[in-house]
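What follows is a set of notes on a single structure, which appears directly below.
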Amino acid sequence: MKLVIAIINRDDAADVTQSLTKKGLSSTKLSTTGGFLMAGNVTLLIGVEENRVQEVIDIIREHSHSRQQVIPTSSGIHQYGGATHSIPVEVTVGGGTIFVVDVDRFERV
Ligand code: 2BA
């Protein structure tokens with residue numbers, strides 16, 4: 001058995017989880033925060049037999065979309081000795097970041 005850990009955009013979470021459920025795949029949704037943007041995202045835990053891992057990844061890929069996000073960064077140059085300039089920088093937040101790990105033991109008690 002494998003555990004698929006997928007970090008996706010909050011706006012895509014409902015589509016992804018509904019599509020997984022339709023295919024009989026269980027998932028658990030966690031509200032998480034990206035370390036770089038410090039913005040909310042969603043982490044899905046999906047326990048699945050090894051022969052269905054690719055199917056899970058395909059569903060996530062189909063329903064997750066990359067987005068441009070603008071973040072303010074400081075120029076470090078002080079204006080009139082006061083506040084620093086804020087320069088907006090655009091980053092592409094990917095459709096999904098996926099880890100697949102081995103599960104040593106799985107039990108429902
Ligand atoms: P964040 O850490 O908030 O990162 C959001 C986006 O900011 C990233 O999109 C990337 O485009 C950019 N970014 C991240 N770190 C950067 C850096 N040091 N310098 C420049 N730009 C940077 P994604 O790569 O698609 O990642 C989306 C979210 O997936 C991340 O949100 C984080 O929550 C998670 N993630 C990505 N890689 C990860 C990893 N290796 N381990 C754990 N979580 C990861």
**Message:** In the chain, if the dipole is taken from +1 on Lys/Arg beta carbons and -1 on Asp/Glu beta carbons about the Cα centre, which of A14, T92, L25 is farthest to the positive end?
**Reply:** A14
**Request:** Would you list, by chain and number, the aspartates and glutamates whose Cα falls below 17 Å from the Cα of K2, excluding same-chain residues fewer than 8 positions away?
**Result:** E49, E50, E55, D58, D102, D104, E107
**Request:** Please work out how much length the chain gains when fully extended from R61 to L3, using 0.36 nm per residue of separation minus the C-alpha to C-alpha distance, in nm with one decimal.
**Result:** 19.2 nm
**Prompt:** Gain in length, T92 to L37, computed as 0.36 nm per residue apart minus the alpha-carbon separation, to one decimal in nm?
**Reply:** 18.7 nm
**Alpha-carbon Rg with Dmax, taken over the chain, Å** = 18.5, 65
**Item:** Cβ-placed point charges (K, R +1; D, E -1), dipole of the chain about Cα centre in debye, nearest 20
**Value:** 200
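We did not get these values from a lab; they are worked out from the coordinates using the rules stated. Everything quoted here is computed from the prediction, not taken from an experiment. All Cβ positions, glycine included, derive from the backbone under ideal geometry; neighbour counts span all protein chains shown.
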